[in-house]
Amino acid sequence: MEARVAVNQQKYRDNQQHIVSAIGDYGAASQAFTWCGLPRVPRGNEGQIVAGTLSKKDMTDLYSIAMVSSSGEARRVYDEIMVRANGRCPFCGGIGQTSTLDHFLPKANFPLFSVLPSNLVPCCKDCNTGKSSSFGTQAHEQPLHPYFDAAKFFEQRWVHGQLHRSDPVSISYFAAPPEDWTPLERARAFAHFVDYKLAGRFGIQAGAELAKVVDQRKRSLRRLQAADFRDYLMDGATTNSSDLNGWNRTLYATLAATAWFCEADFNDPSSYLP
Ligand SMILES: [Zn+2]
């Protein structure tokens, strides 16, 4: 590292065994999905010793000074992690562009993992600042970890929508994981949905898109039979260009699965309004 990095490197070398052991603990927790059981300290009190002779401040400085503000080796790691994301925030199904690194375990409570790459997830500003600031203390309260959690969370549908016969037509989103998931998996999907406020955020995104689809149906798509219109909507639900459980594909899946929507004549609201 270069001279600009104003951290006491010798102190970290002296405590290397503690850092190595913390990395091992994080790895084991990631296999067992038990991050909530890792050593936790209260917010504040920067001088608190967290391992060996290392204080909380020593560890969080490592992130803010050596990693974020430097141009040395640690910054290169930071930049590499950012690039991994392909620009899509993994927490909100890609609503936001990745612009920051999130500490999956917040550094205010888990300072030992301040610079651990597997604890750093590229995400959007809204997910970083909007999620609940405390990490759940129980296994079922933990949100999803994009690096370690089972593929099923990302490859099976667990976010659904419900369409409302209103003027304009509206959608609400909810979490409903498959029945064959374990109670813990189902609970964690719910926790993730709530933590990242996805119902509200997805709803805001969907409003404009839904209006656009209704407008297309009134004009260029007006001659399509209901079945053909449904096929058109299914295309939007199966595209690989956005996340399966993101707002967009869930919207199209919901529209395609809603018979009255496929059959409605939007030039005659009485055909679908209750
Ligand atoms: Zn996000």
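Some observations on this one:
- Among the residues of the range 75-95, those identified as at pLDDT 85 or above and of a type outside the set (Val, Ile, Thr) are Arg75, Arg76, Tyr78, Asp79, Glu80, Met82, Arg88, Cys89, Pro90, Phe91, Cys92, Gly93.
- Residues (within 16 Å of the ligand (Cβ to nearest atom), among the basic types (Lys, Arg) and buried (at least 16 other Cβ atoms within 10 Å of the Cβ)) located in the range 185-224: Arg201
- Neighbours by Cβ (under 7 Å, 6+ apart or cross-chain): first from the range 94-106, under 16 Å from Tyr147 (Cα atoms) and among the aromatic types (Phe, Trp, Tyr); second in a loop (DSSP other than H, G, I, E, B) and modelled with pLDDT of 90 or more: Phe104/His145
- Pair list, Cβ under 6 Å, 6 or more apart: the range 249-262 residue not assigned by TED's automatic domain parsing to the domain that holds Leu210, other residue part of a helix (DSSP H, G or I): none
- The residues in the range 128-158 that are within 15 Å of the ligand (Cβ to nearest atom), assigned to a loop (DSSP other than H, G, I, E, B) and surrounded by 15 or more Cβ atoms within 10 Å (Cβ to Cβ) can be counted, and the count is 5.
- Considering residues of the range 71-127 that are within 16 Å of the ligand (Cβ to nearest atom) and of a type in the set (Val, Ile, Thr) only, the residue surrounded by the most Cβ atoms within 10 Å (Cβ to Cβ): Thr98
- Phe33 vs. criteria within 18 Å of Pro122 (Cα to Cα) and in contact (Cβ under 8 Å) with a residue 12 or more places away in the chain: no
- Scanning the range 196-214 for residues that are of a type in the set (D, E, K, R) and over 29 Å from Asp102 (Cα atoms) yields a single hit, Lys212.
The values are calculated or read from the model by the stated rules, or taken from the named source; none is laboratory data. Computed from a predicted structure; not experimentally measured. Heads up, the Cβs are rebuilt from the backbone with ideal geometry, glycines too, and the neighbour counts pull from every protein chain shown.
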